[in-house]
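The values are calculated or read from the model by the stated rules, or taken from the named source; none is laboratory data. Note that the structure is predicted; figures quoted are calculated from it, not measured. Note that each Cβ is placed from the backbone with ideal geometry, even for glycine, and that neighbours are counted across all protein chains shown. These area figures cover heavy atoms from the full protein model, side chains too; ligands, DNA and RNA do not enter into them. Shrake-Rupley method; radii C 1.70, N 1.55, O 1.52, S 1.80 Å.
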Amino acid sequence: KTREPQDRGEASQTGKKKTKSKATQRPYVIKGITYYPLPSSVGYAEQGIASWYGEPFHGRKTSNGETYNMYGDTAAHKTLPMDTMLLVKNLENGRSTVVRINDRGPFVQERISDLTYTRAQDLGIIGKGTAKVEIVALGAQAVEEEAMVATTTGKPVEGTKPKPKPPK
């Protein structure tokens, strides 16, 4: 008897690993506080402090099962759904970047997001470590849909080419 893969990050029939699982949408407790992941990111915006996380976490698993890459285009948020694309704007210098949520956190002080080293560098917050930011949800990443459009039209869809990563 065969069984269908459960939505736990197992490979699907297409052979691709799912990044969003029911486990990442369950309430969880950190330091006595219960967090309730949002069912949708539609219309989400927030202002607060962002920080970045790097070397001690590089290569470890994120909340959704991916391997953390401090040179990637990802971020952590306590409650936004996994794969939510976020516009992050540094309110102190006007710089902005786009990230994809793939982890939970930060669980330090009143911070609203943890960024990779690369995205924090984009925002100019490496030295200081934190900055006042505004985050705005852009929606969920649709890599498979973009790939299908690129194949159908014969032209790459803007934003689908991978960016080269700095050497480790």
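Details
- Label-reachable residues, region 61-88, where backbone N falls under 17 Å from a point 7 Å from residue 40's Cα toward its Cβ: 80-85
- Restricting region 43-145 to trypsin sites (Lys or Arg not before Pro) that sit in a DSSP loop and have at most 16 other Cβ atoms within 10 Å of their own Cβ leaves 60, 95, 128.
- Using a simple spin-label model with pseudo-atoms 7 Å out from Cα toward Cβ, residue 31 and residue 58 lie 2.6 nm apart.
- Convex hull volume of the Cα atoms of region 19-89, normalised per residue: 117 Å³.
- Calculated accessible area for region 46-137 comes out at 40 Å² per residue, all protein chains present (probe 1.4 Å; ligands, DNA, RNA ignored).
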